[in-house]
Amino acid sequence: MSKEIVLRIQELYENWIKDDMTSLGSADIFANLLEYVKETQKDICGKCIPCRDGVPQIEKLLTKFEDGSVDKGQLLTLESYVQNLRSSKCSVGIDFGKTMEVVLRNNFNDFYKKVR
Amino acid sequence: MAKLILNGKSIKAQNGQTILQVARENGVEIPTLCFLKEMNEIGFCRVCVVEVEGEKDLVAACDTVIKKKMVVHTDSPRVLESRQATLALLAKKHRFNCWVCPRGDGSCEFYNLLKDYSVDSFQFDPAEGRHDFVVEGTGIYQDQTKCVLCKRCVSVCNNVATAKVFKFRDEDGNNPIVSPTPGLPFDEAGCIFCGQCTKVCPTGTLAEVDHIERVEEAIRDPKKFVMVQMAPAVRSAVGEPFGYPVGTPVKEVEGKMYEALRLLGFDEVTDTNYAADLTIMEEGTEFIGRVQNGGVLPLFTSCSPGWVRYIEQYRPEYLAHLSTAKSPHMMQGAVLKNFYAPKIKEIDPKDVYMVSIMPCTAKKYEISRPEMEQDGIRDVDAVLTTRELGRLIKKNNIDFVNLPDYKPENKFAQYTGAATIFGASGGVMEAAVRTVYEVLEGEPLGSLDLTMMRGVGSEDQIKEATLTLPKTGLDVNVAIVHGGKGIKRMFEILDEGKKQYHFIEFMGCPGGCVNGGGQPIVKDDVMDKFEVAALRASALYGSDAKDTEYRRSHLSESVQWTYENWFESAGSHIAHKYLHTNYSQKKFRKE
């Protein structure tokens, strides 16, 4: 299950480069993203802050999105953590950040719905 | 040469430099957290990130080498936002109890960064420690609730102390930890307590074990007669927490320091410098004895407890070389408690409480050594570092800068210039040579300024000199070693066995006590540690040349009086009981 999701999300990213209309299916989007986070966490080396401390925070926020207990501030925080992954030391954090940027942009409605 | 554009300005820089180097040379400030020049340029903390045009990701300034025509922005909104987010993430894993933190005096680099980047508490509350325990030790401790995983202590322990106690343990990438051997206190993990890590820690994670509380308790106790002494190197830096520049002449602050100690409530102010002179008599006599009777040579000095711990743990096969003389402050404690108190003050030694002000964290460990007592009387009861003294003075609202000068009148605060220079690398040797030469040759040295023994510049931290004694017919080879690198190198030379030394001075910290682990913190990017050591040492040498009546230990009237009345002669049976000690191999486990 989880590997499929990783592959699907990576595929989504590659497709997005060609066509910026591609997006994740709205159903189960947060459950799928949480799986993706879990897969990423196995690769984290623990050296730089944006990735080591950022990814667990992103996970926490995604759980809240899944529950529906979020406000606008938390959406902004999520965005800032995701953007901050661009300053990671290696590609584990940077790639995760890039993918999350795409998801945030192309599935923004799914995130924003939870806030409204 | 390469041309690049930094914040809109065109500048020239040398190839191979990092963005951080270029920026600092051109007066552009880039904040850093984990960075330590030439030691820890690892790009872990991502606080120094900058934006390079054409790169989609932000890059760390400390480990990115410049390229031709690079366009760098160090303060774009994106960079500032990233720094703020990174700091907020770190703050989530840091326990904020700044008001009781040893670095709550404004020297916390992490606190200052949070302030500079306006990180508000709603961004990180509830802030909880990454790990919730403290690694104990008798000299230093590590509070894991405050660690920001910058790895500075790891690199300093590997490169400066060379004890390699700390490890960055990242088996679990989501929850790494920097610690000595898991489950063991510093005492059993190979630490020498030099305290160099406490000076580079950007937070209050690593700090000296607090003795302020027990000192305050003793001062409050009406039954206790509390005596205080301060080390030679303390006077080279005591003014720094109060705004005096590094290298302030001893004369400007010494009197204020005595007065501050009196105001703090100590019953008797004495000076370790007295015992430094005494140490020269004991150690010098031991050296002469070993030369004349064919004892074990070279003789190693034993004033630096960090060094003593190093040899006890790592090179126990050389223990016979170590001088049996105690370190000066232990001698002072033994003399004051066992002779001065009962014989002159008529106070039971049990009611005397001895406090040492030291530039050193290893001295805190040293007083807990089981050998350091006679007949149930501990030599010294508490050790405050120079930093702790600064904190204590500030806490008591004493206006240090405007204090009048005070000079204690008792015998145990009188000293010669030879004692003052103990605080600098080479000082113990210079003081010893001044006395040993005169004892053996019967006439004083031509010049008392042995400049070849001074300074801290040499790369491998070893200085050498040969002293010719024409009447005795002996060429004495001496060496001066400071810092872990020097110690390692010297043992390599000794293992080879090609060079014949007679007398070697060892100091655990690079630059000697003036750069000790308990001295006020000077940030690395403000001044290099060797420059700090050189400036503080120059204050001590200046005092030796100008301030004191005598410059040779054996001329100290107090020391002569002590031998006449209490110890008969240097190296006598009674002197051995109180002023000498013994050493043994110490076990440790590193993982």
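The values are calculated or read from the model by the stated rules, or taken from the named source; none is laboratory data. Just so we're clear, the structure is a prediction, and the values are computed from it rather than from any experiment. Quick reminder, even Gly has a Cβ in these numbers, built from the backbone with ideal geometry, and neighbours come from all protein chains shown.
Of note:
- The condition of being in a helix (DSSP H, G or I), crowded, with 24+ Cβ neighbours inside 10 Å, assigned by TED's automatic domain parsing to the domain that holds B:Ser572 and touching a residue at least 12 places away in the same chain (Cβ under 8 Å) holds for only one of B:Gly306, B:Gly255, B:Gly289, that being B:Gly306.
- Neighbours by Cβ (under 8 Å, 6+ apart or cross-chain): first from the stretch B:499-525, among the acidic types (Asp, Glu); second in a loop (DSSP other than H, G, I, E, B): B:Glu505/B:Thr301; B:Glu505/B:Ser425; B:Glu505/B:Gly426; B:Asp524/B:Lys37; B:Asp525/B:Thr32; B:Asp525/B:Lys37
- Residue satisfying all of: in the stretch B:47-63; part of a loop (DSSP other than H, G, I, E, B) and within 33 Å of the chain's Cα centre (by Cα); surrounded by the fewest Cβ atoms within 10 Å (Cβ to Cβ) among these: B:Asp63
- Residue in the stretch A:83-104 that is under 14 Å from B:Ala85 (Cβ atoms), among the hydrophobic types (A, V, I, L, M, F, W, C) and within 10 Å of another protein chain (Cβ to nearest Cβ) present: yes
- Scan the stretch A:82-102 for residues that are under 10 Å from the mean Cα position of the chain (by Cα) and not β-branched (Val, Ile, Thr) and the total you get is 5.
- Any hit, the stretch B:232-251, residues being assigned to a loop (DSSP other than H, G, I, E, B) and charged (D, E, K, R): no
- Qualifying residue in the stretch B:102-115 (condition: more than 27 Å from the chain's Cα centre (by Cα) and in a loop (DSSP other than H, G, I, E, B)): no
- Looking only at the stretch B:160-175, and only at residues there that are of a type outside the set (Lys, Arg) and under 18 Å from the mean Cα position of the chain (by Cα), the one that is farthest from B:Arg589 (Cα to Cα): B:Val160
- If you go through the stretch A:53-74 and keep only what is facing chain B (nearest Cβ under 7 Å) and either part of a helix (DSSP H, G or I) or in contact (Cβ under 8 Å) with a residue 40 or more places away in the chain (or both), you end up with A:Gly54, A:Pro56, A:Gln57.
- Of the helices (runs of 4 or more DSSP H) lying entirely inside the stretch B:472-588, those carrying at least 2 residues that are of a type in the set (A, V, I, L, M) are B:483-496, B:529-546, B:573-579.
- Residue within the stretch A:10-17 that is within 10 Å of another protein chain (Cβ to nearest Cβ) and surrounded by 18 or more Cβ atoms within 10 Å (Cβ to Cβ) present: no
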